[in-house]
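Computed from the coordinates by the stated procedures, all read-outs in this text should not be read as laboratory data. If you're wondering where the values come from, they're calculated on a predicted model, not measured in any experiment. Positions of Cβ are generated from backbone atoms using ideal geometry, with glycine treated the same way; all protein chains shown enter the neighbour counts.
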C-alpha cells in the first residue's frame, strides 16, 4: 500500500483513511490530529474506539514515540466527540451547498425522483415516516434507481440545530461533492464507534498489542 501507515496497536499496515493520527504537544500530552496538519512526529492508530483505548491503556503512544508523553484516559471519548462534530459540520455544509433537503415531502420527492444519495432519520422519528420513506427507496430501487444509504445517528433536535432549524426529522442529501464528504465523515464516525453496518465492526474485538511502529513516514 503506497499511501499507508502502521497502526501502533496491531502493527498492521493500513491505508491512511482507516487510521487516526496523533501527535505529542509541547506540554507532553497526546492530541488527535484529525486533519493531519499538526506539526511534529505523529503516530497512527486504527480508527476504532477499541484501538484507541488499547493504545492509551498500554502506553503505546510513549512507547512508539520513545518519549515521556501522556495520553489522557478521556482520549477515546475526545476522538469520538471530534468525529461527531465533523460529521454534523459536514451535514451543515451540505445544506449550505444546496445539496440537502429536509421535511418529509421534500425528502420523499428527492427519493422518488432518484436524486437522493443519503437519507437521515432523526433517532426519534416516528415509525410511520420511516416506513413510508423506506417504501419510496424500495420503489426506486425496483425501477433501477441508485441505492440510498440510510443513517439514524442523531436526534431530530441535533440535526435541526446543525442546520439552523427548530428540528429536522428527515433529511436527504443529493448527489454531489458535498454529499460525498458528508458520507465519508458520517461513516468514519460510525465506524469508529463500531456502529457502521456491514463493516464487520458491529461487534468489537480487542486487537493485538505490540511494541513500537506506527510513526510518520517521511
Packing-ranked peptide list from 100-109, 164-173, highest mean Cβ count within 10 angstrom first, is 164-173, 100-109
Relative contact order of region 129-199, please, whole-number percent, based on alpha carbon pairs below 8 angstrom and at least 6 residues apart.
13
Yeah, region 114-157 with a ≥ b ≥ c from its alpha-carbon gyration tensor (a/c under 1.5 is rounded, else prolate when a/b outruns b/c, oblate otherwise) is oblate
What does the extension gain come out to for residue 78 and residue 180, with contour length at 0.36 nm per residue minus their alpha carbon separation?
34.3 nm
Tell me, in nm to one decimal, what length is gained between residue 161 and residue 58 on full extension, where the rule is 0.36 nm per residue of separation less the Cα-Cα distance?
33.2 nm
Can you show me the helix-derived [θ] at 222 nm for the chain, built from DSSP H runs with n ≥ 4 at -39,500 (n - 2.57) apiece and divided by the number of residues, rounded to the nearest 500.
-12500 deg cm²/dmol
Whole-number percent relative contact order across the chain, with pairs defined as alpha carbons under 8 Å at least 6 apart:
29
Based on alpha-carbon atoms only, what is the radius of gyration of the chain relative to the globular estimate 2.2 N^0.38 Å?
1.15
Fully extended, how many nm does the chain gain between residue 85 and residue 147 (0.36 nm per residue separation, minus their Cα-Cα distance)?
19.7 nm
Sort the following peptides by mean Cβ neighbour count (other Cβ atoms within 10 Å, averaged over residues), highest first: 19-27, 134-142.
19-27, 134-142
